[in-house]
Amino acid sequence: MKILNIKNLNPAGLNEILSFCLKMLSDGKGAFLIPMNPIKVMKARKHPDFQDIIDRADWVFPDAVGMKWAASLLYGEKISLTPGYRLMFSLLEQAEKYGHSVYFLGTTNEILEIADWKLREIHPKLKIAGCHNGFFSEDEETNIFREIANLKPDYVFVAMGEYKQEKIIWKLRQVYPNAIYLGVGGSIDLIAGKQPNPPEWIRKNHLEWIYRFFRQPSRAPRFKPLPIFLILLCLEKVRLKAKSRKPPA
């Protein structure tokens with residue numbers, strides 16, 4: 001499905017993504033999964049390298065309600081959403097079940113330590129191959145990537161904020177391509193309890209972004225591209241309507 005500049009959106013759903021990851025690992029291959037939301041759509045329009053990474057990803061899935069609205073507006077389709085943090089939690093459960101190992105890259109040492117402790121409590125059989133904070137120089141990057149390659153984790157979760165984490169994953173995959181990679185933003189904070197999980201009714205209605213907005217008003221500038229996203233969707237809808245009315249040559 002194409003939503004503006006995102007040409008490879010796959011809204012198949014959580015279970016399909018989980019099965020895909022198992023299949024890739026059983027084949028000795030890795031994959032790059034990217035949760036997609038309107039802010040990333042707009043950021044990719046400004047940064048060609050980000051757009052190129054998205055175009056080459058193995059699975060780009062709708063993560064936010066704005067993508068659901070976009071699909072409905074443009075194509076009249078109801079698509080399922082897979083929030084990135086829910087996918088991460090499900091992949092952790094799957095990793096524990098199948099004996100796969102995980103690695104965490106990003107956030108702070110404090111949060112990583114708390115998350116490690118809580119994960120070992122919730123998933124006692126989960127193999128945590130290692131972790132590293134997200135504050136490192138380009139000189140240190142090579143050694144960190146080499147360490148990850150030596151540990152050979154099956155899943156690598158990168159928590160460094162959108163765009164930056166996708167760039168890190170792209171570079172890391174050149175060194176170690178045989179893992180399932182997912183950029184998880186602030187999801188490790190949820191595991192550590194540094195950010196509260198939204199109430200069930202908010203999660204059910206995919207309104208997590210509103211919940212986070214009111215809890216962290218400082219995030220307001222992040223939402224500035226959303227009106228432009230809406231305008232672009234309306235223009236695209238007009239274009240698609242005009243195209244459908246054009247008589248065949």
Restricting the search to the range 97-133, which residues are among the polar types (S, T, N, Q), outside any loop (DSSP other than H, G, I, E, B) and within 21 Å of G161 (Cα to Cα)? N109
Filtering helices (runs of 4 or more DSSP H) wholly in the range 6-95 for at least 1 residues that are under 30 Å from K243 (Cα atoms) gives 38-46, 48-56, 65-75
All but one of (1) farther than 25 Å from W59 by Cβ; (2) out of contact with any Ser or Thr (no Cβ under 9 Å at 6 or more places or on another chain) hold for E162, so report the exception by its number. (1)
Taking only pairs six or more apart or across chains, which ones have beta-carbon atoms under 8 Å, a first residue in the range 127-146 that is within 19 Å of I188 (Cα to Cα) and β-branched (V, I, T), and a second residue that is assigned to a helix (DSSP H, G or I) and at pLDDT 90 or above? I128/D116; I128/L119; I128/R120
crowded, with 22+ Cβ neighbours inside 10 Å and in contact with a Cys (Cβ under 9 Å, 6 or more places away or on another chain) - does that describe any residue in the range 32-47? yes
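Is it true that Y85 is touching a Pro at 6+ places or on another chain (Cβ under 6 Å), of a type in the set (F, W, Y) and surrounded by 17 or more Cβ atoms within 10 Å (Cβ to Cβ)?
Numbers: touching a Pro at 6+ places or on another chain (Cβ under 6 Å): no; of a type in the set (F, W, Y): yes; surrounded by 17 or more Cβ atoms within 10 Å (Cβ to Cβ): yes.
So Y85 fails the test.
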Suppose the filter is closer than 17 Å to Q165 by Cβ, touching a strand residue (DSSP E or B) at 6+ places or on another chain (Cβ under 6 Å) and surrounded by 16 or more Cβ atoms within 10 Å (Cβ to Cβ); does F50 pass it? no
Can you tell me which of D27, D49, D63, D58 is in contact (Cβ under 8 Å) with a residue 40 or more places away in the chain and not small (G, A, S)? D49
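The values are calculated or read from the model by the stated rules, or taken from the named source; none is laboratory data. Keep in mind it's a predicted model, so treat the numbers as computed, not measured. We place every Cβ from the backbone using ideal geometry, glycine too, and count neighbours over all the protein chains shown.
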